[in-house]
1. Give me the net charge of Ser202's neighbourhood, meaning all other residues with Cβ under 15 Å from the Cβ of Ser202; Lys, Arg count +1, Asp, Glu -1.
2. Just from its helices, what would the mean residue ellipticity at 222 nm be for the chain, if runs of 4 or more DSSP H residues each count -39500 (n - 2.57) and the sum is divided by every residue, rounded to the nearest 500 deg cm²/dmol?
3. Projected onto the charge dipole of segment 16-292 (+1 at Lys/Arg Cβ, -1 at Asp/Glu Cβ, origin at the Cα centre), which of Pro211, Asn47, Pro252 gives the Cα projection farthest towards the positive end?
4. Under 8 Å for C-alpha pairs, at least 6 residues apart: give me the relative contact order for the chain, rounded to a whole percent.
5. Mind running the shape call on the chain? Use the C-alpha gyration tensor, a ≥ b ≥ c as the square roots of the eigenvalues: rounded below 1.5 for a/c, prolate if a/b tops b/c, oblate otherwise.
6. When DSSP beta bridges are limited to those with both residues in segment 16-292, what percentage is antiparallel, rounded to the nearest 5?
7. Between Gly97, Phe229, Ala107, whose Cα lies farthest towards the positive end of the dipole of segment 16-292 when Lys and Arg beta carbons carry +1 and Asp and Glu beta carbons carry -1, centred on the Cα centre?
8. Mind listing the long-range amide H neighbours of Ser79? Cut-off is under 5 Å, sequence gap 5 or more, other chains count too, H placed in the peptide plane at 1.01 Å from N.
Amino acid sequence: MPSTSPVLPLAVDAPRQVVRIDGVGALSYYAGGPEAGRPLVLVHSVNAAPSAFEMSPLFDHYRSRRPVLALDLPGFGGSERPDRRYTPELFVTALSGFLRQVVGQPADLVALSLGAEFAAGAAAAVPELVASLVLLSPTGFSTRTMPGGKTGQRVYGVVSLPGLSQGLFAALTSRPSIRYFLSQSFVGEVPQAMIDYAYATSHQPGARFAPLYFLSGQLFTQDAPNRLFARVTQPTLVLHDRDPNINFDLLPGFAEGRPQWRVERIGPSLGLPHWEKLAETGAALDRFWAEQG
């Protein structure tokens, strides 16, 4: 990556901090708010240019009321981005380790899109550190299947070819491409700040390594309702409306008969309700948490 990579700004108005997680490496995170209260941990999605910036509306919304932490997952944002194998297990290990080493007490998790699958994995791995889950437009409940197993490995083998991977990733993370893909997730205008940050974070050294595993489908858990979400015992709220890339057709049947699961629609929205419907999203979160005591 050329030395002209844009400087990566802070994702939220808080100092960027770093913690090293065994088996994962260095994770970047932000912390704000008062010391007292149950911590709120925010988990971003995974795509070509994600980071803690995706969760900044909720960080700002809650930081005056409770401790709030937002991390950059491995391979993204200010976290280390080595050329390594990225797997769902790696992200679950990262989030579980973050809860152990940094948070150290039961927290409420709010996770976006594919980040919801990692949050569910962490909730099952360290249940004593996860008081509740909120899943925003979660993957895993769609009838649209992603390539996995040997198919995903073959796809990765193609898209990771040195010349092809650099060109493909450069095309995906150009400003016009970023604007196009983000416009699919907004009913209204895409905030310019989001485009700018996505461009900056996707042009850091090593930025393409983790997204290539996402693009080849290897970061999704196959049969997630049964293999992943069924293991969650904590109170769980799902907020969604429509999403350009997935559907939620499997969600009603899954939630039926699970009293700890609640599903609400926040619309009109296209995968990012906390950006376009922050007041409604915050009200739903507050109601949910109030019921937990």
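Values in this text are rule-based calculations from the coordinates and carry no lab data. Just so we're clear, the structure is a prediction, and the values are computed from it rather than from any experiment. Virtual Cβ from ideal backbone geometry, glycine too; neighbours counted across all protein chains shown.
1. Numbers: positive: Arg81, Arg175, Arg179, Arg208; negative: Glu54, Asp72, Asp196.
That works out to +1.
2. One gets -10000 deg cm²/dmol as the mean residue ellipticity at 222 nm.
3. Highest projection toward the positive end goes to Pro211.
4. Working: 587 pairs, mean separation 62.9, N = 293.
This gives 21 percent for the chain.
5. rounded
6. Details: 10 of 33 bridges.
Beta bridges within segment 16-292, antiparallel portion: roughly 30 percent.
7. Value computed over the given set: Gly97.
8. Correct list: Ser28.
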